[in-house]
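Worksheet: one structure, shown below.
All of the numbers you see were taken from the coordinates with simple rules; none came from a lab. Bear in mind that the values here come from a model prediction, so they are computed numbers and not experimental data. A quick note on method: Cβ atoms are made from the backbone with ideal geometry, for glycine too, and the neighbour counts reach across all protein chains shown.
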Amino acid sequence: MPTTTLHIRRGGPGEAPRHDVFELAFEPGESVLDALRRLRVTDDPTLAFRYACLNANACKECMMLLDGKVVYACTARLEARDMRLDPLPNKTLLRDLATVIAPPDERLD
Amino acid sequence: MYAAIEAVRQGAASVLLLDRSLIGRGGATVMAQMTVAAAVGPGDDWRHHLADTLTAGRGLCDPALAALLCEVGAECILEMDRWKVGWARAGNGFASVQAPGHDRARCVYVDFLSTGPAVSKALRAQVQRVGDAIRRVGEVLVTDLVVQDGRVTGAVALHVASGAALTVAAPATIIATGGLTRLYARNSASANMSGDGYALALRAGATLLDMEFVQFFPIGHLAPRLIGMDPIMWDPFRYKLGGRLLNGAMQEFVGRWGGDAENGTYSTTRDLATYAITKEVEAGRGSPSGGAWLSFTHVPAAELRAAFGPVIDRLAANGIDLTRDCIEVSPIAHYHMGGVRVDTAMRTDVPGLLCAGEAVGGANGANRLSGNAITEALAFGRLAGAEAARQVAEGAPAFDVAAARPALALLAAEGPAVNTAALVARLQHIMAADVGPFRTAEGLARAAAALATLRAEVGEDPPGTPGLAHDLARQDWLDLRQMLLVAESVVVAATARTESRGAHQREDFPEMSAAWERNLPLRLRAGVPELA
Ligand SMILES: Cc1cc2nc3c(=O)[nH]c(=O)nc-3n(C[C@H](O)[C@H](O)[C@H](O)COP(=O)(O)OP(=O)(O)OC[C@H]3O[C@@H](n4cnc5c(N)ncnc54)[C@H](O)[C@@H]3O)c2cc1C
Ligand code: FES
């Protein structure tokens, strides 16, 4: 059975960066977001990432780095290989893969 | 957003627009790809639209609310046009399609499959034009309303980005939190649709109605897997191109379950199509993934391209060529007809608390016509905004933080670690298995028992410690607290209604009964939703 190995950057601001490794069954056609949501149910509910619209690509919240490239997790296809996920580098980190992406005038400061 | 704009127009000096996600991106509106029903075409009149809405509602619409939806809704559509939403044009007027249940072409849209994003964008631009009177703050998850002497005076919320607890003082509060589709494993809307508004209203002392009427969208995408597309997308294809609904043996079947032969057109209402597909699958004649086939293979490539342009390329990127491939579809939780009981000014039973949009119950009765939901969101938003401005001008009691203490204590509590994501998934499976479009007393009792077990496992306090940024485990716990109450409300109402009507089908009571032509109000007593 083919598997995907996700290397996911964990931790909040100020914490030493680390990548947790999760192995999961590869399901053809799944998006990276599907896999992350599956991982929260099966492995670690504390894994943090942003999404709202699931797979419709309407909310534009699920942006992250896949192997160093900016993607929407809900339109990036999962592949049966090692994949590295990191938070957006040019945004303030909240935790794990979640960053501050709200427009500045819509934040609570 | 319409409510905020209208409130300022009617004199409110300061409006706070909160959303648990990004403003204007977190709900169903931005996801809606199809059409909006409004009597804005030549020869049409809102009264014709009303007649169709009442028929579809199977005797349960609140006629006054339905009339407002149709009349004010049409005004909102015209105002949105002045706000440059970009309704598609045909000749001198709006292009429109005839959706099932409407007596004529009445559904306007923005090409291609862009209605919801265009509506959100136009409203957002207007909100920004209003300027400082509307303060927008995203990532604020409202967890409780604050009630003083029977009046809502504000809210308690979690700031998702920091994990901080917040209090909000407000002389008037409008719930516009959308529906409850997240209660179901297969659903079409966003992860924010946990039914929060229903739970907030119940706890504040308001009445809910018609909670048993969950609309399932019959032809939600099932297979092959698609990414970057909304599962409801096949509906506009059917409006424009007809299409054929086929069983596993590639035969038409809707007629067998009481529908008319479609002859390549789209004429079957949602409840009937849901019934036909479910029954065909039960009879062992479903498609391989357990749904029905939808075929456009008879439609020439040029016609497909003219109707859906870039969407055809997005499908190609997913490996689908509609001239060659059929897709599989099956019913998916989509919309909720029930909700908070309001009067014609969108006032709930609790002073200081108003409601708007899908969160309102009663306008659509037992079954909603396609295209009525966006119209409802716009019209009721506008009405609620005007009423809120009026109430603010009247003045309200000062916010007393003492009344917010229990809700703040919950956000400060530290409970044991539990896998809240898995518990959410369990709730969704309980609801999908026994509280879907087809129900029985036995299944509903099973769901009630399973929800009670789940409630015990969820416990009294959110897991972990407060104050962590973007803490999804804790957020899921707070959502579960609301989802459980809302799920229990659906089960109580569905158990009580011993008949079949519209979106509520009881296999043990298959007939519609005249004695049941009434709404079912629910209130909270000692923490439990009960028939009022
Ligand atoms: C995929 C899809 C397609 C659809 N297509 C159509 C269509 O073509 N035509 C049509 O008429 N209808 C359609 N509908 C239905 C329609 O989109 C919705 O009924 C309507 O948009 C609801 O609008 P609303 O303003 O009430 O709520 P929403 O647009 O859902 O907004 C509710 C907002 O409340 C926020 N929220 C929820 N809980 C909280 C909380 N506790 N604290 C803070 N914020 C909170 C959410 O984040 C969200 O942004 C569709 C629905 C879906 C899901
Ligand atoms: S989850 Fe909404 S855009 Fe990806």
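A few points about this structure:
- Cα centroid separation - the range B:340-374 against the range B:133-165, whole Å: 21 Å
- Debye, to nearest 20: dipole size of the protein assembly as shown, +1 on Lys, Arg Cβ, -1 on Asp, Glu Cβ: 760 debye
- Given A:60/B:84; A:69/B:240; A:91/B:84; B:121/B:240, the pairs whose alpha carbons are separated by over 27 Å: A:69/B:240; A:91/B:84
- Test item: Cα-centred dipole of the range B:218-332, Lys/Arg +1 and Asp/Glu -1 on Cβ, debye: 80 debye
- Isolated Cys residues of chain A, judged by Cβ distance under 4.7 Å to other cysteines: A:62, A:74
- Among A:42, A:8, B:362 the positive-end extreme of the charge dipole of the protein assembly as shown (Cβ point charges): A:8
- Between residue B:306 and residue B:55, the C-beta separation translates, for a Förster distance of 35 Å, into a calculated FRET efficiency of about 0.60.
- Per residue, chain B reaches -11500 deg cm²/dmol at 222 nm when only DSSP H runs of four or more residues are counted, each adding -39500 (n - 2.57).
- Diffusion coefficient, µm² s⁻¹, Stokes-Einstein with Kirkwood Rh over alpha-carbon pairs of the range B:407-531 at 20 °C and 1.002 mPa s: 135 µm²/s
- Alpha-carbon centroids, the range B:1-47 and the range A:13-60: separation in whole Å: 32 Å
- Of A:53, A:74, A:62, the one that fluctuates the most in a GNM where chain A has Cα springs shorter than 10 Å: A:53
- Over chain B: Rg over Rh, Cα atoms, Kirkwood Rh: 0.95
- Scalar couplings 3J(HN,Hα) for the range B:178-195, obtained by applying the Karplus form with A = 6.51, B = -1.76, C = 1.60 to θ = phi - 60°, are x, x, 10, 4, 5, 5, 10, 4, 9, 9, 9, 9, 8, 5, 8, 8, 8, x Hz; x denotes Gly and Pro.
- Taking every residue in A:93-101 and counting other chain Cβ atoms within 10 Å of its Cβ, the average works out to 4.
- Low-density loop positions, GluC sites (Glu not before Pro), the range B:348-434 - DSSP coil, at most 11 other Cβ in 10 Å: B:414
- Between the residues B:473, B:514, B:420, the greatest Cα displacement towards the positive end of the dipole of the range B:413-532, with unit charges on the Cβ of Lys, Arg, Asp and Glu, is found for B:514.
- Overall dimensions of the range B:1-154 by Cα: Rg and Dmax, Å: 17.6, 57
- For peptide A:38-47, the mean count of partner chain Cβ atoms within 10 Å of a residue's Cβ comes to 6.
- Peptide packing: for B:494-502, B:359-367, the average count of neighbouring Cβ atoms within 10 Å per residue gives the ranking B:359-367, B:494-502, highest mean first.
- Other protein chain C-beta atoms within 10 Å of residue C-beta, averaged over B:25-34: 4.
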